[in-house]
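Since the structure comes first, as structure tokens, the remarks are kept for the end.
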Amino acid sequence: MAAPLDMEPPALSLELLPTDPLLLILSFLDYRDLMSCCYLSRRLNQLSSHDPLWKRHCKKYWLISDEEKSRRNQSWKAIFISTYSDLGRYIQYYATLKKAWDDLEKYLGQRCPRMIGSLKESVQEEDLDAVEAQIGCKLPDDYRCSFRIHNGQKLVVPGLMGSMALSNHYRSEDLLDIDTAAGGFQQRLGLKQCLPLTFCIHTGLSQYMALESVEGRNKYEIFYQCPDQMARNPSAIDMFITGTSYLEWFTSYVNKVVTGGYPIIRDQIFRYVHDKECVATTGDITVSVSTSFLPELSSVHPPHYFFTYRIRIEMSKDALPEKACQLDSRYWRITNAKGDVEEVQGPGVVGEFPIISPGRVYEYTSCTTFSTTSGYMEGYYTFHCLYYKEKFFNVTIPRFHMVCPTFKVSTARMETNNNKYAVDEDEDSTDTDEYEDRRRVMDIPAPSGRCPHHT
């Protein structure tokens, strides 16, 4: 007998819905919502505990591989919950920082295994809490998270955070472990409430992180200190900014390393930046240039910005043997941000007269300084052929730009009224052109110790 037409259909409920569509819906939920579903009903509790649903979250937030899951012999849900109970406060940072550390270890393990051997094991929450109690400041969660993966490195050479070498200057920065960093925590004027992140045992140079917004710094900003050499106040310390947070600072550095942006030379990371457009080919010879800014040899007051550059000269391996040649001289045209031009010409490069033959490469490092925050160089080398000694020709050096990083002027400078050289400036300005004009009017002597353009 047919049911009456006016009979209402049974109410739709979760108990009547098939399992597969519900699992599909649950697969789109974040871990918070998936966990909340466990408390809504018995059916949802059973479905939310379906182990494959938690696999995605374990891989997304904790980078747990299938191999690690097999070793731990736990369900995906159990792994997620146990990891969350230990590292839950860092869930927004952990995957990014863990991937950066894993990429760095894999890359350097093939090229600089000794450097990987200097890394320290992770610290625990109680270790980080003890440091906060010691220094009286809270550490940012991204910084804490990184130290739950690796506790910096031993004080060794070469340092993990990059090196730089000139004929009479060497820098190699170590990433400090948490106890050494806490021991270097600053409370003095000019660096109040600043925590060192790196340290160079050769120069004493450190990169600091501001733990509070004081003395003109933003909270968690990372910088190189630069004492104001023209102020009578020792707390007048300018800053070259290198990062706005630990996460951005560390991951951007790692990315430059593992993508080849920073070259590996003699088992060390050299922080030279190569612009792919800074390449010029003349015949069979290619010249390319990489540059780097040296904060430890630079100053804002007086304006003195020190740059080093590395030049690679290479002859194509397909060139004919009779194309072999020797470098005789160099010519440079150096232009600062104000358009002032200086020309330099001389024999050889860094005291050498290299011979270039098919497939051979010659590299050298030199330096220059500017009184403005940026400038560029270009020029040519003059060669003579070894087989036809009377034949001379020029090889183009591509134009390459050098730019000082963003800097901030010390607030103590603004408060030093008795300093006859004090000049009001915008704290975040990186343009010193106006300052240069005022310096001439006030007849302030030019900075001493100017580095030669070639060493």
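FYI, it's all coordinate maths here, none of it is from the lab. This structure is a prediction, so every number in the text was calculated from the model and none was measured. All Cβ positions, even for glycine, are placed from backbone atoms using ideal geometry, and neighbour counts span all protein chains on display.
Within the shell of other residues whose beta carbon sits under 13 angstrom from the beta carbon of T251, the net charge comes to -1, with Lys and Arg scored +1 and Asp and Glu -1.
Under 12 Å from a point placed 7 Å out from the Cα of R333 along the Cα-to-Cβ direction: which residues of region 273-299 have their backbone N that close? From region 273-299, the list is empty.
What is the extension gain from I201 to L40, computed as 0.36 nm multiplied by their sequence separation minus the C-alpha to C-alpha distance, in nm to one decimal? Value of the extension gain: 52.1 nm. What is the percent of Cα-Cα separations in region 97-237 that go past 27 Å? When every Cα pair of region 97-237 is considered, 25 percent fall beyond 27 Å. Pick out, from A165, N336, C226, the residue whose Cα sits farthest towards the positive end of the charge dipole of the chain, with +1 on the Cβ of Lys and Arg and -1 on the Cβ of Asp and Glu. Going by the charge dipole, the pick is A165. Computed about its Cα centre, the charge dipole of region 273-407 is approximately 100 debye, with only Lys, Arg, Asp and Glu carrying charge at their Cβ.
Here's how it looks for H301: its modeled amide H is under 5 Å from those of Q229, which are all 5 or more places away or on a different chain.
Across the options S316, P302, Y380, the greatest Cα extent toward the positive end of the charge dipole of region 260-389 (unit charges at beta carbon of Lys, Arg, Asp, Glu) belongs to S316. Under Stokes-Einstein, with the Kirkwood radius over Cα pairs as Rh, the value for the chain at 37 °C and 0.692 mPa s is 125 µm²/s.
So if we plug the beta-carbon distance of L23 and R111 into 1/(1 + (r/R0)^6) with R0 = 51 Å, what FRET efficiency do we get, rounded to 0.05? Let's see the in-between values first.
Details: r = 45 Å, r/R0 = 0.89.
About 0.65, to the nearest 0.05.
Measuring r between the beta carbons of Y376 and R71 and using R0 = 56 Å, the FRET efficiency lands at 0.55.
Note on the chain: helix-only mean residue ellipticity at 222 nm, from DSSP H runs of 4+ residues weighted -39500 (n - 2.57) and normalised by residue number, equals -8000 deg cm²/dmol. Count Lys and Arg as plus one, Asp and Glu as minus one, and take only other residues whose Cβ is under 11 Å from that of C58; the net charge is then +4.
Close amide H partners of A319, meaning residues 5 or more places away or on another chain with modelled amide H under 5 Å apart, are G359.
Full extension of the segment from V344 to A130, taken as 0.36 nm per residue of separation minus the current Cα-Cα distance, would add 71.4 nm. Charge dipole of the chain (Cα centre as origin; +1 on each Lys and Arg Cβ, -1 on each Asp and Glu Cβ, all else neutral): 1060 debye, rounded to the nearest 20.
Sequence-ordered 3J(HN,Hα) estimates for region 261-273 from the Karplus curve with 6.51, -1.76 and 1.60 and θ = phi - 60° stand at x, 10, x, 9, 10, 6, 6, 9, 8, 9, 8, 8, 9 Hz, glycine and proline given as x.
For the pair T244 and V214 in one chain, pulling the backbone fully straight at 0.36 nm per residue adds 9.3 nm over the alpha carbon distance. Determine the sum of side-chain charges near H401: Lys and Arg each +1, Asp and Glu each -1, restricted to other residues whose C-beta is under 12 angstrom from that of H401. Combined, the nearby Lys, Arg, Asp and Glu give -2.
Spacing of the modelled spin labels on Q187 and H401, each 7 Å from Cα toward Cβ, amounts to 4.5 nm. Residues in region 362-368 carry Karplus couplings, in order, of 10, 10, 8, 10, 8, 8, 7 Hz; the curve used is 6.51 cos²θ - 1.76 cosθ + 1.60 with θ = phi - 60°, and Gly or Pro positions show x. Computed from phi, the 3J(HN,Hα) profile of region 293-307 under the Karplus parametrisation 6.51, -1.76, 1.60 (θ = phi - 60°) reads 9, 10, x, 5, 10, 10, 8, 8, 10, x, x, 8, 10, 9, 10 Hz, with x in place of Gly and Pro.
Between W54, S82, F28, whose Cα lies farthest towards the positive end of the dipole of region 18-89 when Lys and Arg beta carbons carry +1 and Asp and Glu beta carbons carry -1, centred on the Cα centre? It is S82, whose Cα lies furthest towards the positive end.
Legend: translational diffusion of region 235-330 by Stokes-Einstein, Rh = Kirkwood radius over C-alpha pairs, 4 °C, 1.567 mPa s; D = 78 µm²/s.
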